[in-house]
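Structure first, commentary second.
The numbers here are math on the coordinates, done by the rules we state, and not lab data. Note that the coordinates shown come from a computational prediction; the quantities given were computed from them, not determined experimentally. Every residue, glycine as well, gets a Cβ built from its backbone with ideal geometry; the counts of neighbours run over all protein chains shown.
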Amino acid sequence: MFVYRIESGRTQLILQAGVSISLLLALLVWIFLDDRARALHAANQAMQLALYDPLTGLPNRKLLDERLQLALATAKRHGGCVALLFIDLDKFKPVNDNYGHSYGDLLLKEVAQRLRGSVRESDTASRLGGDEFVALLPEVEGEADVAVVADKVLQRLNMPYRISGHTFNISASIGAAIYPRDGTDAKSLTRSADLAMYDAKNSGRANVKFAKSRLAGAGLQEA
């Protein structure tokens, strides 16, 4: 006979006389597989916390950076384009202030779902934190491709949100930047998309601005 017990997440075996070898081996295999499953589950949880936003389940900044570096390296080898969409929510702060963070969190989850459903399967929808989101678009042909995705994201995010009996009318300001036109590495491309997003906010919000319009405007002012 035998008895086993679990302490601190691990399986321990207590043997008594009369246990057959085959039964003992079967039990040892079960214990090994059980402990292995627990270890794999713990590893998956650790990876989830390290690479994904705990609120929305979207990739976080770390995973976005990794995928951006990979997309840029691929584009450099094959001569393609990569785009970033920097997305900042308009009128989100009053939701937190007037209804509390619980409503704000529910709203952010809905935004994440809409964003995920608006981009292509090859794209990465991510959350940087707060009400800031980024979409990475690898393998785009140019501005026309990016505009199609950006407009779809804008339309979806600007639709009213119905949460727990309340309707929230928020919108999104989106800045778009394209490699290699608006940046030749991750840092410069990110900065261009971020500045383009502020252009969108300063232009009435709820719209899309491309980084080249910012650069063109700066060139005209310098001239």
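Figures for the structure shown
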{"quantity": "Across 76/201; 93/209; 93/212, pairs whose alpha-carbon gap is larger than 24 Å", "calculated": "76/201; 93/212"}
{"quantity": "Estimated translational D of segment 70-188 in µm²/s (Stokes, Kirkwood radius over Cα pairs; 20 °C; 1.002 mPa s)", "calculated": "142"}
{"quantity": "Extension gain from residue 61 to residue 167, taking 0.36 nm per residue of separation minus the Cα-Cα distance", "calculated": "35.2 nm"}
{"quantity": "Estimated distance in nm for a label pair at residue 203 and residue 110, the labels positioned 7 Å out from Cα along Cα-to-Cβ", "calculated": "2.8"}
{"quantity": "Extension gain, residue 159 back to residue 120 (0.36 nm per residue minus Cα-Cα distance, nm)", "calculated": "12.1 nm"}
{"quantity": "Radius 12 Å from Cβ of residue 145, net charge of other residues (Lys, Arg +1; Asp, Glu -1)", "calculated": "-3"}
